[in-house]
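Visitor: Below are the structure tokens for one structure; questions will follow.
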Amino acid sequence: MKVPTMRSLLATAALTLLAAACGSLDSAAEGTGDYGGSGGDEVPTTTGGGGNPNVPRSPDDAMAAAQNTDTGFLAGDWDDNKNFDWFLDQVGGGALLTVTDRVLFQVQLPEGAPVGGAWVTVTDQDTPTQIWSAVTPADGRVMMLPKEDMIGTNLVVEVTAPGGMPVTQNLELDGNPRSVTLEVPTAAPVALPTAIQVALVVDATGSMTDEIDYLARNLEAMMADVQTLGAIDVDMALIAYRDSDAPELMQQELEILDFGSEMNSVANVRQALGSLVAVGGGDYPEKLDLGLGAIKQLSWDPEVPRVVFVVGDAPPHPDDEEAALRSVDDARRDGIRIYPVAATGSGLAAEMFLRQVGQVALGRYIFHQATDGQGAGDFAHPRIPCYEILTLHQQMVRAIHAEILGKREEIPSISDVGYPVNGMC
């Protein structure tokens, strides 16, 4: 893996992403918690409502209650694969990729524990030819999209757990979505990952000043909180994209700060965020397709968990939407998880697109909940029936922890909308 480099694409001028060498992150105490933070904005520990019928439940009431504490940026999250019926009802008809025939494989032990590091292969019975394969991350989940992956209907699925023998089962597809449990009798113990790659894909247009500033202030504290699981080597990269209407930058649309193990990449990315100038983007859509397309240019390590946070407030231009989602689908095939983070004022079109990103790449849709002074007047509540409100800091750390632990962490919420239970309504 190489030292961080900067590559200027589609232009020649002025967005400067600073990189500086620094010492590595110190490991923190073991265990999980509510991410109290070791710098950056204060992270509250106010307990949310859980199942208590007396707590606020509407988005407006929940936000009013949350504003009574010093919370920083608030954020909800939503898993469209856990709540796939909701996704099909709200987004499915307008989805640009065919996901209605989704096959979500869950590899697990008889007692239900997920199995990471298992090989899943799919063979066409009529040929017979191996037509699809994937390796499970820590949560044991991989997803096949039959139409997008050009897969037939009469299949044999084989799963081989670490240290185990192959287990096969027949699978006949009928065009409907499936969740398929692949149970393996035993699996060699797999240690928690000791390293992870985290990339930020950030909209650097004029409306994103607050979010970029928040990330610059809180990034090192977030990555320090990742260390509550033990000594985790966090390698970071940054992709910054704009629209094509930024004359101040001579049409500079894309900059990349790559992964690099030789220096402290967390400090590098934090300094790069601090140097970004949010400018341009006078219309609603942005060049998100450039940011998503650049994901494949990063120096990914297939041996560690790989996570991308896409932070923005607008969808791609209509003519670029399909290309943008094709890049997301490439990430799915490569085992890269993508967590979209919708900024304040994103609007319905951005929500619908970003939720497709999270669904296809097996991430979760994270959305900034505006408080007074954070663009609340431009904010439309998402079309999501229930969710926990935490800080954005907590939501991002929880997402990274999920890719290391293989499960969603449940931590005290600041407030709730509806009655979420383990990320479901």
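Visitor: Output the number of residues of segment 306-334 satisfying the condition of being within 12 Å of the chain's Cα centre (by Cα) and under 23 Å from Met144 (Cβ atoms).
Guide: Number satisfying all stated conditions: 7.
Visitor: Restrict the check to segment 308-317 and report whether at least one residue is within 23 Å of Pro382 (Cα to Cα) and assigned to a helix (DSSP H, G or I).
Guide: There is no residue in segment 308-317 that is within 23 Å of Pro382 (Cα to Cα) and assigned to a helix (DSSP H, G or I).
Visitor: Within the set of pairs 6+ apart or on separate chains, which have a first residue in segment 103-114 that is closer than 15 Å to Thr160 by Cα, a second that is crowded, with 20+ Cβ neighbours inside 10 Å and charged (D, E, K, R), and C-beta atoms under 7 Å apart?
Guide: Phe105/Arg141; Gln106/Arg141; Pro114/Asp139
Visitor: Give segment 112-124 a look and list any residue that's closer than 19 Å to Ala191 by Cβ and in a loop (DSSP other than H, G, I, E, B), or say none.
Guide: Ala113, Val115, Gly116, Gly117, Ala118
Visitor: Filter segment 294-306 down to residues that are of a type in the set (A, V, I, L, M, F, W, C) and not in a helix (DSSP H, G or I) and give me whichever is surrounded by the fewest Cβ atoms within 10 Å (Cβ to Cβ).
Guide: Among those residues, the one meeting the criterion is Val304.
Visitor: Here is a follow-up. Evaluate the following for Leu348: is it more than 19 Å from Ile239 (Cβ to Cβ), among the hydrophobic types (A, V, I, L, M, F, W, C) and assigned to a loop (DSSP other than H, G, I, E, B)?
Guide: Spelling it out, it is not the case that Leu348 is more than 19 Å from Ile239 (Cβ to Cβ), among the hydrophobic types (A, V, I, L, M, F, W, C) and assigned to a loop (DSSP other than H, G, I, E, B).
Visitor: Separate question: For segment 159-186, how many residues meet the condition of being among the small types (Gly, Ala, Ser), part of a loop (DSSP other than H, G, I, E, B) and within 28 Å of Asp101 (Cα to Cα)?
Guide: So the answer is 2.
Visitor: Buried (at least 17 other Cβ atoms within 10 Å of the Cβ), of a type outside the set (Ser, Thr, Tyr) and farther than 30 Å from Val269 by Cβ: which single residue out of Val198, Val180, Val142, Val103 fits that description?
Guide: Testing whether each residue is buried (at least 17 other Cβ atoms within 10 Å of the Cβ), of a type outside the set (Ser, Thr, Tyr) and farther than 30 Å from Val269 by Cβ leaves just Val103.
Visitor: Can you name the residue in segment 293-306 that is touching a Phe, Trp or Tyr at 6+ places or on another chain (Cβ under 7 Å) and not hydroxyl-bearing (Ser, Thr, Tyr) and is also farthest from Leu276 (Cα to Cα) among such residues?
Guide: Ranking the qualifying residues of segment 293-306, first place goes to Arg306.
Visitor: For Arg333, are the conditions met, namely being out of contact with any helix residue (DSSP H, G or I) (no Cβ under 7 Å at 6 or more places or on another chain), assigned by TED's automatic domain parsing to the domain that holds Ala402, surrounded by fewer than 21 Cβ atoms within 10 Å (Cβ to Cβ) and at pLDDT 95 or above?
Guide: When the stated conditions are applied, Arg333 does not pass them.
Visitor: Could you look through segment 275-289, keep only residues that are buried (at least 24 other Cβ atoms within 10 Å of the Cβ) and among the charged types (D, E, K, R), and pick out the one that is modelled with the lowest pLDDT?
Guide: In this case the residue turns out to be Glu286.
Visitor: Consider Ala323 carefully, then state whether it is on the phi < 0 side of the Ramachandran plot and surrounded by 18 or more Cβ atoms within 10 Å (Cβ to Cβ).
Guide: Here the answer is no, as Ala323 does not meet what is asked.
Each row is one residue, and each column tells you yes or no for (1) under 21 Å from Val107 (Cα atoms); (2) in contact with a Ser or Thr (Cβ under 6 Å, 6 or more places away or on another chain); (3) assigned to a helix (DSSP H, G or I); (4) touching a residue at least 40 places away in the same chain (Cβ under 8 Å).
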residue: Asp319; (1), (2), (3), (4): no, no, yes, no
residue: Glu322; (1), (2), (3), (4): no, no, yes, yes
residue: Ala331; (1), (2), (3), (4): yes, no, yes, no
residue: Leu354; (1), (2), (3), (4): no, no, yes, yes
residue: Gln359; (1), (2), (3), (4): yes, no, yes, yes
residue: His368; (1), (2), (3), (4): no, yes, no, yes
residue: Arg383; (1), (2), (3), (4): no, no, no, yes
residue: Gln395; (1), (2), (3), (4): no, no, yes, yes
residue: Glu410; (1), (2), (3), (4): no, no, no, no
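Visitor: Sort through Ala272, Ala361 and tell me the only one that's small (Gly, Ala, Ser), at pLDDT 95 or above and surrounded by 24 or more Cβ atoms within 10 Å (Cβ to Cβ).
Guide: Among Ala272, Ala361, only Ala361 is small (Gly, Ala, Ser), at pLDDT 95 or above and surrounded by 24 or more Cβ atoms within 10 Å (Cβ to Cβ).
The values are calculated or read from the model by the stated rules, or taken from the named source; none is laboratory data. This structure is a prediction, so every number in the text was calculated from the model and none was measured. Cβ coordinates were reconstructed from backbone atoms using ideal geometry, including for glycine residues, and neighbour counts include every protein chain displayed.
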